[in-house]
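Worksheet for the structure shown next.
The values are calculated or read from the model by the stated rules, or taken from the named source; none is laboratory data. Owing to the predicted nature of the structure, the values given are computational and were not obtained by experimental measurement. No Cβ is skipped: glycine too gets one built from the backbone with ideal geometry, and neighbour counts run over all protein chains shown.
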Number of protein chains: 4
Amino acid sequence: MPRIAVLGASGYAGAVAAMLVHRHPFFELAHVTARSEAGARLDDVHPRTRVPMQLEAWDPDAQSDVDAALVCWPHGVAAPAVAALRERGVRVVDLSADFRLRDRGIYADWYGEHGAPELFGQAVYGLPELHRERIGGADLVANPGCYPTAALLALAPLARAGLIGDVVVDAKSGVSGAGREPTASTHFIAADENMTPYKVDRHRHTPEIEQELAGQGAGVTITFTPHLVPLAQGELVSCYVTPAREHSDGEVRALYDDAYAREPWVELRPGAPGVLDVRDTNYCRLSVHCDGRTGRILVFAAIDNLWKGAASQAVQNLDAMFGRDEREGLA
Amino acid sequence: MPRIAVLGASGYAGAVAAMLVHRHPFFELAHVTARSEAGARLDDVHPRTRVPMQLEAWDPDAQSDVDAALVCWPHGVAAPAVAALRERGVRVVDLSADFRLRDRGIYADWYGEHGAPELFGQAVYGLPELHRERIGGADLVANPGCYPTAALLALAPLARAGLIGDVVVDAKSGVSGAGREPTASTHFIAADENMTPYKVDRHRHTPEIEQELAGQGAGVTITFTPHLVPLAQGELVSCYVTPAREHSDGEVRALYDDAYAREPWVELRPGAPGVLDVRDTNYCRLSVHCDGRTGRILVFAAIDNLWKGAASQAVQNLDAMFGRDEREGLA
Amino acid sequence: MPRIAVLGASGYAGAVAAMLVHRHPFFELAHVTARSEAGARLDDVHPRTRVPMQLEAWDPDAQSDVDAALVCWPHGVAAPAVAALRERGVRVVDLSADFRLRDRGIYADWYGEHGAPELFGQAVYGLPELHRERIGGADLVANPGCYPTAALLALAPLARAGLIGDVVVDAKSGVSGAGREPTASTHFIAADENMTPYKVDRHRHTPEIEQELAGQGAGVTITFTPHLVPLAQGELVSCYVTPAREHSDGEVRALYDDAYAREPWVELRPGAPGVLDVRDTNYCRLSVHCDGRTGRILVFAAIDNLWKGAASQAVQNLDAMFGRDEREGLA
Amino acid sequence: MPRIAVLGASGYAGAVAAMLVHRHPFFELAHVTARSEAGARLDDVHPRTRVPMQLEAWDPDAQSDVDAALVCWPHGVAAPAVAALRERGVRVVDLSADFRLRDRGIYADWYGEHGAPELFGQAVYGLPELHRERIGGADLVANPGCYPTAALLALAPLARAGLIGDVVVDAKSGVSGAGREPTASTHFIAADENMTPYKVDRHRHTPEIEQELAGQGAGVTITFTPHLVPLAQGELVSCYVTPAREHSDGEVRALYDDAYAREPWVELRPGAPGVLDVRDTNYCRLSVHCDGRTGRILVFAAIDNLWKGAASQAVQNLDAMFGRDEREGLA
């Protein structure tokens, strides 16, 4: 059984990742790490995981006796930890933004200095529905951001068909996306019964979506605006596409059927998706609408931001890296 | 003191309207009506109103001893009641959709047959920030829909300046917008921790927004999609405008300052608005952003769908109709 | 593989029960029934189940080709269906209240006429932690009510030790406990940001708790008051016990350790439990506090009302009836 | 117009207090203070107040040009500020716990050292429904805690009639009661869809309730347990009274009618109260039930913890101190 470490298991995504690896029939959860909560048991910090393991302080030498690691740290600090693991031969799925971009200039613009420049650009972008084959052989996988996961699954079929002339992505996320740090905006009283746009015209997932859309054939500058809504887990992206060319409803329908009919974790439905339908699952639920009145194509995608948008997708990548069925440990 | 009747006071908007008239220093609440709850006291049905009056069954002869009426009934059934009131000389603010549109064909397409065709097109569209002067002399005012209120306040300055080439309006509303009838989608278990688009590409507020934008100089076909979010009262519209022409940030800023600096119920703020900021108030809170990267203009507007989106705007119209300060009874 | 039918699979508890049986490694889900939604697929009605089976109208002849059935119908109508299944040799776990009580007079007082008097009193009360051995051989198991499940797990150790002189049970439940029927009190606007006692001094779970406490040795008349709180799933009972006799903290601690240390589904913790800790699980989480100042013993128990309070406990009973490990299909 | 300062106006209760004084027809809001947010405008920190005043750092010399002050600081630090204000002749309503208790030993046990021992025991306990006459002439009023407000209004009529033999108070509060500091337990993800008891058998409102019950004639040791529930504002206390003597339903009903029929801010209703009925108001809503089966008397009381449980009750006290109608500024 391959042994797995989860770094940053006291965060929301890290805790779900640890729980999923712990329950996984093929992998063994060998280490869970935390910074300030090292020494505590994970099931005391996050009862719902029911993982009765002690959180350890991060120590690359002590914790590199594993076959792979899921790194659930913030961007910036993740890169050096990833480098330390790679030096010791550990395969890595990194959930931070540090290895998602492939243009150093864009990384510098949106994130600043990189923590492991020698590894920059070496990762495979871990969206299995787009890059399955390359993930299989990868030693370093950059797990996508939550918004890019939903937006790219929503838009990739149109991108590949040359149908995206322009696109507005209006995204809505539950509060867990803001992380476990108690702040003014994650206080119950600030979030409850409220909703608001945030990081208007400068959210860091923007260049990530553009890079991957370009990789699918759509070199567009997107408008992307996230909003905070009063729920715990769940993310909805509403994509408004101005088509680049003539098309029929049937063509669009066929594009999505071809792309997703055999994907275990994408559900294509006629009606608009709700985030509750995918709560605590690895599913992305999609609907596509050709609006005859305006000519626009509307695509809605719902995921659980902590699962398909982070932790369960990391395990799906792990499955792919180790040649397992991508449903294993997630069904 | 002008005497006022509120028809449909057992619904959410009607209850707020009755409460506001009851507290109003200039108006006297003379009648409150309800259908199935006639006979009950309004403060038993809606304790928060603290209006200790008995709900009456609707009877145009008995209840026309008033100077004005707020009709809080659904479209279709509202029109005949409005006609009965007008015949008896009662001034009316109608909160339904029956008198908002001015094109009979468009009404027929989106709503079907009209319940008082002789009055069709006779109303002033009751958005005081756009039509204050005509409201003053009006006997029949069509209170705007909740989404149109927010979207028009957000877009009117750009429309008048010829700046709207194209626009996507992504709207989010709390559950009270769906009305008081218990249904599968208003059940707590369906709405809680969920969010979903609804009435994709066919919501009836679309032609209303288009009509009024055209009236402001922007004859565009809009993309409008509402979403249901898990909160009680509050509505946010996120408007993504592709400009029709060159412009500067300064010009845009000046357009909004000129439009709203002296409006008592519009708050222009640099940061993005949250719906909690306007809960239980008549305010519309706005922010405008020129995105240099994409060239788009983004406008966000937050209102309380039951207040500025319905009941308090109706009272603001009443104030305007009777020559009162529009802050009266609402501050 | 034993074949299982779930009657009433379109309700909240029924849907969870069907999902759990469908995923179960030892049982096969053979039929799912519904009344008004017969013909629809369960995963369309309840997407989170991911059970791709068609809901059938109830037909005892067609659906008795099973080894056991979970009956998820309301009291009153459940009894005749249970009788029909028993006549055809099908083992039954009934989730209604119809077979929980053993005193016909008490049933008549609180519920009215019984729908299958010949079977009255024939069931084993399906709380495995109290009646495991008798459940093993039972053909008819009465699954406990949600409040009794939590209250009895909280109080049984004290009852058996003769420690309960008097007890107040203040219970709080999420909205799913009120069922799937859209009503005035389950409307989002009524429940959100609200909490209220309901069925004060006349909730039907009262005699059930008293009967089972008596069976454990405590023949007390209890005060039991449920409250509705704004969350979807979760139930907390706060038990305030006036002890019948002298005792030490150590004795009380030992009673709970002895009762639950080897129980797979009861978690005894020093700190007060939260319902989120047990969401979507079969766990009951307990804490016990001896208050030196007042002399009272306080016991808090948290369960998920749809899981341990209904559906997953039914599957736990099924496991026990078929001689399986009670963790099977639930971990 | 008497001039009023609000100290600690950036906290939740302080912001509501400032808003109410600002709107008050008889008082003038002269100063609002804050610690870390000094310099900001109150309506930027708390938009819903719409108070366009700058928050000042606390300076007793600069801010004592007022007739009265509402001190909205935590216990411990409040006392010295109150002393500084009293030295300068300013009348004070203190919202902290510092002046509520009258027994120095009990204060020391539950709170530790007192910050202004020379003033200890000098305040009138500011529950107008119990101590109206003494509040009128007071220079220092100790505004009650939120739980004591609801519990005492619920129990005082029974206490005065010698009916309380024993009482269990199970209390539930929304999250704003925990204050504005972002902490692990006020994080949206911790509170949402959760509920839990807290401070079991050691909440500091216990001795305050006991002191005041004793003052009404009931020298009992109470069991008091608060619970956190997922809503913003609202508090419900469920009181389970074991009567000390024989009584009739009619006697109990008369006790409450006599106590509250003429009180403007207590609503006595037959059905159980919900906290939403009193949201954003100074009302306490009560219901009383004599349970024939158990002999217990059940009393339920709902308040808004930030209003009647803190800020609006402080303004009610201010009205009483200045001889105004207690409805003034609150209706």
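Looking only at region D:174-183, how many residues end up being more than 8 Å from chain A (Cβ to nearest Cβ), crowded, with 22+ Cβ neighbours inside 10 Å and assigned to a helix (DSSP H, G or I)? Before the answer, list the steps.
Restricting attention to region D:174-183, the residues satisfying the condition of being more than 8 Å from chain A (Cβ to nearest Cβ) are D:174, D:177-179, D:181.
Checking which are crowded, with 22+ Cβ neighbours inside 10 Å leaves us with D:174, D:177.
Next cut, assigned to a helix (DSSP H, G or I) only: D:177.
Qualifying residue count for the region: 1.
Residues in region D:232-260 that are more than 11 Å from chain C (Cβ to nearest Cβ) and assigned to a strand (DSSP E or B): how many?
Here is the first cut: in region D:232-260, the residues more than 11 Å from chain C (Cβ to nearest Cβ) are D:243-260.
Those still in the list that are assigned to a strand (DSSP E or B) too: D:243.
Total satisfying the criteria: 1.
Being under 13 Å from A:P47 (Cβ atoms), within 9 Å of chain D (Cβ to nearest Cβ) and either in contact with a Cys (Cβ under 7 Å, 6 or more places away or on another chain) or aliphatic (A, V, I, L, M) (or both) is the filter here; which residues of region C:268-302 pass it?
C:A272, C:V275, C:L276, C:A302
Just to verify a result, which residue in region B:7-44, among those that are over 18 Å from the mean Cα position of the chain (by Cα) and β-branched (V, I, T), is nearest to B:R324 (Cα to Cα)?
B:V32
Collect the residues in region B:209-221 that are within 12 Å of chain A (Cβ to nearest Cβ) and touching a strand residue (DSSP E or B) at 6+ places or on another chain (Cβ under 8 Å), keeping them in residue-number order.
B:V220
Any idea which of (1) at pLDDT 95 or above; (2) out of contact with any Cys (no Cβ under 9 Å at 6 or more places or on another chain) is the one C:V169 doesn't satisfy?
The number of the failed condition is (2).
For the structure I just gave you, tell me whether C:N317 is surrounded by 22 or more Cβ atoms within 10 Å (Cβ to Cβ), in a loop (DSSP other than H, G, I, E, B) and at negative phi.
The answer is no for C:N317.
What do you reckon, is A:A156 away from chain D (no Cβ under 14 Å), farther than 19 Å from B:S238 by Cβ and outside any strand (DSSP E or B)?
yes
Failed condition for B:E263, given (1) touching a residue at least 40 places away in the same chain (Cβ under 8 Å); (2) outside any loop (DSSP other than H, G, I, E, B); (3) of a type in the set (D, E, K, R), with all others met?
Failing condition for B:E263: (2).
Please enumerate the residues belonging to region B:187-211 that are crowded, with 24+ Cβ neighbours inside 10 Å and farther than 24 Å from A:S287 by Cβ.
Residues satisfying the conditions are B:F188, B:E208.
Please verify whether B:A97 is part of a loop (DSSP other than H, G, I, E, B) and crowded, with 19+ Cβ neighbours inside 10 Å, treating the condition exactly as stated.
Details: part of a loop (DSSP other than H, G, I, E, B): yes; crowded, with 19+ Cβ neighbours inside 10 Å: yes.
Spelling it out, B:A97 is indeed part of a loop (DSSP other than H, G, I, E, B) and crowded, with 19+ Cβ neighbours inside 10 Å.
What number of residues within region A:314-331 are at pLDDT 95 or above and either touching a Cys at 6+ places or on another chain (Cβ under 9 Å) or hydrophobic (A, V, I, L, M, F, W, C) (or both)?
Going residue by residue through region A:314-331, those that are at pLDDT 95 or above are A:314-330.
Still in the running and either touching a Cys at 6+ places or on another chain (Cβ under 9 Å) or hydrophobic (A, V, I, L, M, F, W, C) (or both): A:314-315, A:318, A:320-322, A:330.
Number satisfying all stated conditions: 7.
Please state which of the following conditions B:F224 fails to meet, knowing it meets all the rest: (1) more than 10 Å from chain A (Cβ to nearest Cβ); (2) under 17 Å from the mean Cα position of the chain (by Cα).
(1)
Take B:R104 and tell me if it is under 25 Å from B:V315 (Cβ atoms) and of a type in the set (D, E, K, R).
The answer is no for B:R104.
Yes/no matrix, rows are residues, columns are (1) in contact (Cβ under 8 Å) with a residue 40 or more places away in the chain; (2) surrounded by fewer than 18 Cβ atoms within 10 Å (Cβ to Cβ); (3) farther than 30 Å from D:D325 by Cβ:
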{"residue": "D:G115", "(1), (2), (3)": "no, no, yes"}
{"residue": "D:H131", "(1), (2), (3)": "no, no, no"}
{"residue": "D:V141", "(1), (2), (3)": "yes, no, no"}
{"residue": "D:C146", "(1), (2), (3)": "yes, no, no"}
{"residue": "D:L155", "(1), (2), (3)": "yes, no, no"}
{"residue": "D:L158", "(1), (2), (3)": "yes, no, no"}
{"residue": "D:K172", "(1), (2), (3)": "yes, no, yes"}
{"residue": "D:S185", "(1), (2), (3)": "yes, yes, yes"}
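Only one of these conditions is not met by D:R88: (1) farther than 30 Å from D:P264 by Cβ; (2) without any contact (Cβ under 8 Å) to a residue 24 or more places away in the chain; (3) not aromatic (F, W, Y). Which number is it?
(2)
Take the conditions in contact (Cβ under 8 Å) with a residue 60 or more places away in the chain, closer than 15 Å to D:R3 by Cβ and hydrophobic (A, V, I, L, M, F, W, C) and apply them to D:A17. Does it pass?
Yes: the conditions hold for D:A17.
Any residue at all in region C:314-324 that is within 14 Å of chain D (Cβ to nearest Cβ), under 19 Å from C:I209 (Cβ atoms) and touching a helix residue (DSSP H, G or I) at 6+ places or on another chain (Cβ under 8 Å)? Working first, answer last.
At the first step, the residues of region C:314-324 found to be within 14 Å of chain D (Cβ to nearest Cβ) are none.
The answer is no; no qualifying residue exists.
Out of D:L55, D:L130, I need the residue that is outside any loop (DSSP other than H, G, I, E, B), in contact with a Leu (Cβ under 8 Å, 6 or more places away or on another chain) and closer than 30 Å to A:S185 by Cβ. Which one?
After ruling out the rest, the residue left standing is D:L55.
Identify, by number, the condition in (1) within 21 Å of C:A272 (Cα to Cα); (2) touching a residue at least 12 places away in the same chain (Cβ under 8 Å); (3) in a loop (DSSP other than H, G, I, E, B); (4) at the interface with another protein chain (Cβ under 10 Å from one of its Cβ atoms) that D:T206 doesn't meet.
Among (1) within 21 Å of C:A272 (Cα to Cα); (2) touching a residue at least 12 places away in the same chain (Cβ under 8 Å); (3) in a loop (DSSP other than H, G, I, E, B); (4) at the interface with another protein chain (Cβ under 10 Å from one of its Cβ atoms), the lone unmet condition for D:T206 is (3).
Let me confirm something: among C:R327, C:R293, which residue is surrounded by fewer than 23 Cβ atoms within 10 Å (Cβ to Cβ), without any contact (Cβ under 8 Å) to a residue 40 or more places away in the chain and more than 15 Å from the chain's Cα centre (by Cα)?
Every option except C:R293 fails the conditions.
Looking only at region D:272-284, filter to residues that are closer than 20 Å to D:L228 by Cα and not small (G, A, S); which one of those is surrounded by the fewest Cβ atoms within 10 Å (Cβ to Cβ)?
Among those that are closer than 20 Å to D:L228 by Cα and not small (G, A, S), it is D:D280.
Quick check: anything in region D:9-26 outside any helix (DSSP H, G or I), more than 14 Å from chain B (Cβ to nearest Cβ) and closer than 22 Å to D:A138 by Cα?
Yes, there is a match, as at least one residue in region D:9-26 is outside any helix (DSSP H, G or I), more than 14 Å from chain B (Cβ to nearest Cβ) and closer than 22 Å to D:A138 by Cα.
Do we have D:H46 as surrounded by 20 or more Cβ atoms within 10 Å (Cβ to Cβ) and touching a strand residue (DSSP E or B) at 6+ places or on another chain (Cβ under 6 Å) here?
No.
When C:T196 is evaluated against the numbered criteria (1) within 24 Å of D:H289 (Cα to Cα); (2) within 17 Å of the chain's Cα centre (by Cα), which criterion, by number, is the only one it fails?
All conditions pass for C:T196, except number (2).
Residue under question is B:P270, and the condition is that it be within 30 Å of B:R293 (Cα to Cα) and at pLDDT below 95; does it hold?
yes
If you go through region C:212-231 one residue at a time, how many are surrounded by 19 or more Cβ atoms within 10 Å (Cβ to Cβ), part of a loop (DSSP other than H, G, I, E, B) and β-branched (V, I, T)?
Counting residues in region C:212-231 that are surrounded by 19 or more Cβ atoms within 10 Å (Cβ to Cβ), part of a loop (DSSP other than H, G, I, E, B) and β-branched (V, I, T) gives 3.
Could you count how many residues in region C:192-203 are over 18 Å from B:G11 (Cβ atoms) and at the interface with chain B (Cβ under 10 Å from one of its Cβ atoms)?
2
When you scan region C:266-295, how many residues do you find that are among the basic types (K, R), touching a strand residue (DSSP E or B) at 6+ places or on another chain (Cβ under 6 Å) and part of a loop (DSSP other than H, G, I, E, B)? Step through it out loud before you land on a result.
Taking region C:266-295 first, the residues among the basic types (K, R) are C:269, C:279, C:285, C:293.
So of that shortlist, the ones also touching a strand residue (DSSP E or B) at 6+ places or on another chain (Cβ under 6 Å) come out as C:269, C:285.
With the extra rule that they be part of a loop (DSSP other than H, G, I, E, B), the set shrinks to C:269.
Final tally of qualifying residues: 1.
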